[in-house]
1. Normalised by the residues of segment A:297-504, what does the relative contact order come to in percent, with Cα pairs under 8 Å and at least six apart?
2. When the Cα centres of segment A:213-258 and segment A:265-304 are compared, how far apart do they sit, in Å?
3. Sorted by accessible area with a 1.4 angstrom probe, largest first, how do A:ARG499, B:ARG30 fall?
4. Rounded, prolate or oblate: which fits segment A:215-342, taking a ≥ b ≥ c as square roots of the Cα gyration tensor eigenvalues, rounded meaning a/c under 1.5, else prolate when a/b beats b/c?
5. Hey, with R₀ at 30 Å, roughly what FRET efficiency would B:ARG54 and B:LYS160 work out to, going by the Cβ-Cβ distance, to 0.05?
6. In nm, to one decimal, how far is the modelled label at B:GLN32 from the one at A:HIS385, with both set 7 Å along Cα→Cβ?
7. In the protein assembly as shown, what percentage of the DSSP-assigned beta bridges are antiparallel, given to the nearest 5?
8. So which residue, out of B:LEU43, B:LEU102, B:LEU131, gets the largest mean-square fluctuation from a GNM of chain B using Cα contacts under 10 Å as springs?
Amino acid sequence: MSVHAALRLAVQTAFRRAENGFDTAFGPTDNPLRHLGALGFFFLWVLVASGLYLYIVVDTSVVGVYRSIGDLTRDQWYFGGILRSLHRYATDAFIIVMMLHLVREWAYDRYSGFRLYSWATGIPLIWLAYMSGIGGYWIVWDRLAQFSAVATMEMFDWFSIFNQATVRNFLSAETINDRFFTFLVFLHIGIPLLLILGLWAHVHRISRVDALPARRLGWGSLLCLLALALARPAVSDLPADLGQVALDTRIDWFVLFVHPLAYATSEGFAWSLLLGGTVLLFALPLLPHTRRAPVAEVDPPNCNGCRRCYVDCPYGAVTMEPHPYKPRHQIAVVDAANCAGCGICVGACPSSTPFRSNEKLVTGIDMPQQPIDVLRHALEERLTHLSGLTKIVVFGCESGADVSRLAAQDTAAFTLICAGMLPPSFVEYALRAGADGVLITGCRPDGCPFRFGNHWLEQRLSHRREPHLRTQVPALRVRQAWAGPTDEKALEEALHQFRRDLEMHAGEATHLAPFHRRTIPHGQ
Amino acid sequence: MANRPVAIAGQIVLYGAFAAFIGYFATNPRYQHLEADQALVKLSLAHFGDRECRKRTPEELKQLPPNMRAPMECPRERSPLTIELDIDGKPMYRGVIQATGLSKDGIATVYRRFELASGEHRVAVRMNDNLRQSGFQHVKEDTVTLKPAQILVIDFNPDKGGLFFK
């Protein structure tokens, strides 16, 4: 294993543990670590809303800018002051979740293949966020603003690309005029607008964007920032005085960390770190990473254009086009560049039902690395060899808890690419072909690497999504136990509990009529 | 999720930790840019180096198209600036600053900062803006008393008598 892969795995493990821990307190839907992107959007909207009010009240003249913000903080602390603090702390929160989101996607190996576009379009957003954040601090025009403005200009002058040192614009009060602050405000609105445009590009290739956190998480985050704004209101430093150097300042380390870095080392070192880091992020997809999974393949004779795969694909990789030879029908077309190879489309396809009598089960859309026909054969073969009082079939996924260790004389275990790949009809088929119960597992809720795998399956099993599990399947005989890679013990316990429950109800006539496709004609 | 009271307590702790993390690092630890008794001298000037211009003779002017009869003929390239800065007799900066632009016809600019202890200092700055002349055409030397945190700017403006301290 390379150093990079080992490091990535270590960080991934740390993230997984933290996510599991957070699940205990928040539950998966409100777990901030599982919804960092949505939280980032949320903090951005808080910034936009609070910034709109600040824009209304700020006086963009040299003498007025400091005074107007100071007055707002002092005289209107109950509203304008809180909004100002909220604006500052939401910036910090945005930076934190943005960086965590970046590290998490890297740790989970989500930066190459079909995710390359989102990865590459996300990197410039970091620069835009920092440009906007640093510029925002200048508008206050206090000692901190002066320090940051001079430090930033000294950094730019390291390139010697301007015909005069830009820092000369901050040598004395005479060089600063009212238009400077108008320009700053213009930039402080324009750059976030660019950021929003960039965010649109960042997410536009995925369907059902997680653009806002769940209500409880949103309120919790907002109340958290409001409490902070009340406890530690953002205040200005002394007014800027270009004749004096800011000896020591209360800098915002999340946004302005680059200034101490440049002074402690050199401007060249700081630029090397920033630009080198950016180049490294762009180059990461070129480093060795997980081999790309084969993409879904459509079989035109078996595709009836029902659009379910098109609706369920988490990455918008399936589009519908006119069927080549079925008049007035459509056919699913897979965009290989966007396909994650997750197989969720296979679970959505009504042709994936194992009850079909054909010897070879060919479905409308299938995964070449794990065809649905192979799964049916394996299921039939394992069921014929199961023995014991209570026979259970377990369906799991590659990203969740390892189900192969559950295999036993009375338990058949199958690992799918993703839990969402399982057509619900396979559950009924297993029960009719000899299983006493079917245990379904996969990643923890909201922990699916393909976004909606376990979510869609759970909806299909509870009759809320097509194709759904037929209602005559007794709920008693189907159980879901979502378990991540570190939850194997919990899954084992869930299996034992399921077996005990089935045995408790052994006397009840809840068995489905047997079905053997080789002996019973289709449709019976 | 764990039982409800434990989950709520966990959320309070985690939201609190998030707020505390932001609240602390948004203003702490204080960044000490310079020591409390220090001052800053900024050598910052932008000046066009000299050019060796020649006055055209009436004959030469007559040969030119009417719209191009400029009385002086100047080469495009400008002289670099040679600058020296001494503080308390110690050489702090020696540099030759080239004119900007591909043809070296732009302004020559320099910006350097020097951290000093506050108090009295003897500051001497010299500048030559014409390569063909020896010595320094512009000299400024003075004793300055710097207060803590004060910024002394050494600049050049021909309208203010050349080199000056601000």
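1. Normalised by residue count, the contact order of segment A:297-504 is 18 percent.
2. About 33 Å separates the Cα centre of segment A:213-258 from the one of segment A:265-304.
3. Numbers: A:ARG499 35, B:ARG30 115 Å².
Most to least solvent-accessible, the answer reads B:ARG30, A:ARG499.
4. Cα axes put segment A:215-342 in the prolate bin.
5. Values: r = 29 Å, r/R0 = 0.97.
Rounded to the nearest 0.05, the efficiency is 0.55.
6. Using points 7 Å along Cα→Cβ, the separation is 7.3 nm.
7. So the antiparallel bridges amount to about 75 percent of the total.
8. Among B:LEU43, B:LEU102, B:LEU131, the largest mean-square fluctuation in the Gaussian network model of chain B belongs to B:LEU102.
The values are calculated or read from the model by the stated rules, or taken from the named source; none is laboratory data. None of these values were measured; they are calculated from a predicted model. Every residue, glycine as well, gets a Cβ built from its backbone with ideal geometry; the counts of neighbours run over all protein chains shown. For accessibility, only protein heavy atoms count, side chains too; no ligands or nucleic acids. Shrake-Rupley method; radii C 1.70, N 1.55, O 1.52, S 1.80 Å.
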